[in-house]
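Here, each number is a calculation from the coordinates, and none is a lab measurement. Note that the coordinates shown come from a computational prediction; the quantities given were computed from them, not determined experimentally. So basically every Cβ, Gly included, is an ideal-geometry build from the backbone, and we count neighbours across all protein chains shown.
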Amino acid sequence: MTASAGIRVRVAETETVAKDIKRLRLVAVGTGGLPEFSGGAHTVVTMRDGERVTRNPYSLMGSPYDRSGYEISVLKTPTSRGGSVFMHDHVQTGSELTISAPVNFFPIDRRARRHLMIAGGIGITPFVAMTEQLAREGASFELHYAMRSAAHGAYADKLKHLYGGRVQTYCDDRQQTIALGRLLDGQPLGTHLYVCGPTGMIDWVLAEARRAGWPNENVHYERFSSPPIGQPFRIELAASKAIIDVAPEQSILEAIEAAGFSPNFLCRGGACGQCETHVVSTTDAIDHHDHFLSADEHASAQKIMICVSRLKNAGGHIVLDL
Amino acid sequence: MGLMFKDETYRGDYTFSNSPSAILRFPFPFHEDRYRYAVNIEPHLPGPKGSAYEFAIDIDEHYLSDMRDRAITLKDDPLRCQSLPHMLTAEWDLLELLMTSMSKDYPEHFALTMDGDRWHWINRPMGIDHQFTFGDVATLPTPPMEYIGRQCQGDFCLLDQRDGDLWMDAGIVTSQADWSLDFDVGMSFKEWHAPVPMAHEAGVFDRALKFLLNLQLGKPVRRLNWTMSVNPRLDTSPETYHLWGSDRASVTPENVADKVHLRVELQGLWRLPRSNAIVFSIRGYLIKMRELATVPKWGRRLPRVLSTLPPEIATYKGLTRYQQTTIDWLSKFDDGQPTSPGVWPDDFPLPAKT
Amino acid sequence: MLTPGIISRPVYPGLTLDENAKHNLMAIEGEGAAALLDAVGKAGPDVGQCVLSRSTIIFTPGSSAQRSLDKQLGYDKQLADLKPDALWIFPTLPTAMFRLRGVLATAKMGTRLYAAGTEPFIGSVIQEALVAGIDHKSLITEHRGSAQRRVQCVHCKGFTEGVTTNPVTCSHCGLHLLVRDHYSRRLGAFMGVCIDVEDPSDLPKTEVLYP
């Protein structure tokens, strides 16, 4: 995918569904409707704030079978680069946005005998669509949803209403925690585990699954990571010799797009490998933030994921094979 | 549209042949006088009017004959159509793709009306008029992939995407160039391509896999594959190889022009919406040497391609026994004149370049 | 020793003990017992004992030619000396697989499956794993013993066992088959394709390639 791909949509409806979480319903501008999608998919939303263009991925949490509109939920995080703040404060009913076609890095594994889903906070979003698809297809599943408090738990009531005992909720402020060890030990062979939520929670679940003897093939996760804020530095594109400045809250990918180029990307979260770029030379150490390259590849400084990684210090100069 | 469906056979008396317009629209694969293995993927965008690339799914004069031959192959060997249990959602995705394409691009032959989940499908050439509920297998006479596969030209494979790889977990394959669906079901991308010589070292399949893993909804791609066969036989499967394999040794200078065929596969790849799987379509086209040589550019180019073909590729494609006899017959059409770049016949009505 | 071949030809990395597994299910055939003994030796007494106390071993001596050899080497006794939680000995491959299937039907996540022995044995274990919903990449495998192959005739779909030569005659339909390196995990066999169709006089000499 490149920056030139996109579907034009209009915000048909917004709703505050929980503390700091806003739901938006997006409908296609013009006729034709939107394609059905696979549960777990996300869309990359292009946000234009004056001159600044940010692209953030959001899980599609509406019904996968609803061609008349897509739904996303945005958690407002003030420490971010501003994308979520923009979505909360500047995007309202009637606003127009460009979104990508659905892309899925967190798909259902339909070979599974059972699907065990663990959500934390805003990580509930992919599961809202996945549970609907699993229910429609008659699959066996259970969902465990941890939240800071009931006020923070978007969609908990809706999910409990739809799926009854298959959904369990846990509120931190009531000291309710998922009895993860017991939960993992009790699953029949052929169960697949899915986890999405804060990175600490994902790390905890993955470690527990490993300790419980679950093979990697049965464990799936999606991290909602966005590019970190860092120091300003400079990039040079080897093919055109273009020199581009990267601002602190801008990713290399965004800086290159702002300069009018369209490098390949897909997840924009350092997970899929599509934006992997060869490093010709660099005057400074690379701060890798991806989950795709190996430790050796990170150490070699020959490759960089331009959607999330950057140079460590201010003023560095990196030449990319683009 | 004026598509006249022929009544011809792909076995026994082999009455298959191409009309003059079918010859001109044949997807000739060689854009230069030499063949080099490449992934050669391009966007599957609408091609020139009248060409095999005009529509997403190509239906041609051989439609009814192809479907009759498929039915015979499936009756003799049901294992040519298989679907692992987890692929049902992908099967429905495929049914939607084919029905919407066929009805949109050939409205005089196919019609699809949808009222929510209640679908009504009409296939006039095959005399089918069926109402069913999309997503409910009980409302179709056979599972979705088999149902629509028996009504659409070309083989279809459904590839499940998981663990950073693609898995051939379903398919309806009755016109393959010598690979077994039953054997390959369940294999990963590099596993099912394992027998292809030379390409693995060049990293061709690593790059192809990476590209396909990121295939986007609404942005299908295509490529061409080619081989040759003796007799216009669609079912050149390993399963029946012991029945047709000896044909390869039966080519003589007297029969080569009518027996030896160029066989081209137009392969399409689409991302599917509900299953996130990929459909890999393999649409086969056959042309005998006598028909091909009526296009002067192709008559010059093909002998040049065959004479310079690396031996490993000739062996893998099964050509060695009749390759020289074919070159000998074709060489009378090669006057040494230069050939224009690209695949089109010199008088094919291409849209004017702007 | 298995000869490397094309990419679809499986590779069996070797047995290592999974210390995290809540339960270990070890399917062992004939000389595969030596692989398990080696793996336990390499892991050290503490780890070995810990893992074995949570292990069930399903052992079959393998083909009859192996059986007397196995008795001499006393694999059943050596496996018993490992003090696994359970040791079940079955006379043949099908009886061992029957038991394996039964155990897998009620097993829980946290169960690690191992297979060691000839390639057809490992292939059978993997087939049972697939039926039970275990991804093949989760199995821990090691090849020991004969390099014999299970071959499926692509024409009649019959399986010919214990194939050590190339070409081989299909034990069902009698065609002469080229034994290819193309392997199907789902079928647990290599492909056999008729070798003398195009030129019946050109039947290559039979060679023992998989002793």
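Things to note:
- Volume of the Cα convex hull of region A:201-259, divided per residue and given in Å³: 137 Å³
- Note on region A:1-60: with charges restricted to the Cβ of Lys and Arg (+1) and Asp and Glu (-1), its dipole about the Cα centre is near 80 debye.
- In plain terms, the C-alpha convex hull of chain B casts an average shadow of 18.0 nm² when viewed from every direction.
- The ranking of C:Asp202, B:Asp33, B:Asp163, B:Asp346 by Cβ neighbour count inside 10 Å, starting from the fewest, reads C:Asp202, B:Asp346, B:Asp163, B:Asp33.
- Region A:208-291, relative contact order [Cα under 8 Å, separation at least 6], %: 21 percent
- Cα pair distances of region B:115-179 binned at 5 Å [whole percent]: 4, 14, 20, 19, 19, 13, 8, 3, 1
- Of the residues A:Gln176, A:Phe265, A:Ala212, the one whose Cα sits farthest towards the positive end of the charge dipole of chain A is A:Gln176 (charges of +1 on Lys and Arg Cβ, -1 on Asp and Glu Cβ, taken about the Cα centre).
- Anisotropy class of region A:21-152 from Cα gyration tensor, a/c 1.5 cut: oblate
- Our compactness index for chain C, the C-alpha radius of gyration over the empirical 2.2 N^0.38 Å, is 1.08.
- Structural size metrics of region A:151-214, computed from C-alpha coordinates, are Rg and Dmax of 13.1, 36 Å.
- Interatomic Cα distance distribution for region B:88-239, bins of 5 angstrom, percent: 2, 7, 15, 18, 19, 16, 12, 7, 3, 1, 0
- DSSP beta bridges confined to the protein assembly as shown are antiparallel in about 65 percent of cases.
- Fluctuation leader among B:Asp115, B:Asp77, B:Asp184 - chain B, Gaussian network, Cα springs under 10 angstrom: B:Asp115
- Under 29 Å of direct C-alpha separation, and excluding same-chain neighbours fewer than eight residues apart, B:Lys332 reaches these lysines: B:Lys259, B:Lys288, B:Lys297, B:Lys317.
- Placing unit charges on each Cβ (+1 for Lys and Arg, -1 for Asp and Glu) gives the protein assembly as shown a dipole about its Cα centre, and among A:Ser294, B:Ile128, B:Thr15 the Cα reaching farthest toward its positive end belongs to A:Ser294.
- The stretch between C:Gln49 and C:Cys173 holds 39.7 nm of extra length on full extension. This uses 0.36 nm per residue minus the Cα-Cα distance.
- Taking every alpha-carbon pair under 8 Å whose residues sit at least 6 apart, chain C reaches a relative contact order of 22 percent.
- Listed residues B:Pro195, B:Ser101, B:Tyr53: farthest to the positive end of the dipole of chain B (Cβ charges): B:Tyr53
- Degrees, to the nearest 10: B:204-213 long Cα axis against longest axis of chain B: 30 degrees
- Prolate/oblate/rounded label for region B:41-178 (Cα gyration tensor, a/c 1.5): rounded
- Among B:Asn225, B:Asn18, B:Asn214, the largest mean-square fluctuation in a Gaussian network model of chain B (Cα springs under 10 Å) belongs to B:Asn214.
- Legend: Rg and Dmax of region C:96-211, from Cα coordinates, 16.3, 56 Å.
- In region C:150-199, the DSSP beta bridges split such that about 75 percent are antiparallel, to the nearest 5.
- By definition, a body whose alpha carbon gyration tensor gives a ≥ b ≥ c is prolate when a/c is 1.5 or more and a/b is larger than b/c, and region A:168-302 fits this prolate description.
- Antiparallel bridge percentage (DSSP; both residues within chain A; nearest 5): 60 percent
- For the pair region A:245-317 and region A:49-83, the centres of their Cα atoms are 22 angstrom apart.
- Contact order relative to length of chain B, as percent, for alpha carbon pairs under 8 angstrom and 6 or more apart: 21 percent
- Chain B - mean residue ellipticity at 222 nm from DSSP helices (-39,500 (n - 2.57) per run, n ≥ 4, rounded to 500): -7500 deg cm²/dmol
- For region B:1-78, the equivalent ellipsoid derived from the Cα gyration tensor has semi-axes of 26, 18, 14 Å, listed largest first.
- In a simple Cβ point-charge model (Lys, Arg +1; Asp, Glu -1; nothing else charged), region B:214-271 has a dipole of about 480 debye relative to its Cα centre.
- Rg/Rh, computed from the Cα trace of region B:198-354 with Rh as the Kirkwood radius, has the value 1.01.
- Compactness of the protein assembly as shown, taken as the C-alpha radius of gyration over 2.2 N^0.38 Å, stands at 1.02.
- Along its principal axes, region A:99-196 has C-alpha extents of 40, 36, 23 angstrom, given from the largest down.
- Built from the Cα atoms of region A:240-322, the convex hull projects on average onto 4.9 nm², one quarter of its surface area.
- Using alpha carbons only: equivalent-ellipsoid semi-axes of region B:68-139, gyration tensor based, whole Å: 22, 18, 11
- Compactness of region C:77-151 was expressed as the Cα radius of gyration divided by 2.2 N^0.38 Å, which yields 1.13.
- The distance linking region C:135-157 with region A:115-186 is 41 Å (Cα centroid to Cα centroid, whole angstrom).
- Volume in Å³ per residue [convex hull over Cα atoms, computed for region C:26-134]: 92 Å³
- Fewest-first sequence of B:Ile172, A:Ile21 by Cβ atoms within 10 Å of each Cβ: A:Ile21, B:Ile172
- A Cβ-based charge dipole, computed about the Cα centre of the protein assembly as shown with Lys and Arg at +1 and Asp and Glu at -1, lands at about 960 debye.
- Most mobile of C:Phe59, C:Phe159, C:Phe98 in a GNM of chain C (Cα contacts under 10 Å): C:Phe98
- Region C:36-55 and region B:211-279 have their alpha-carbon centroids 52 Å apart.
- Over 34 Å [Cα-Cα, chain A], rounded percent: 26 percent
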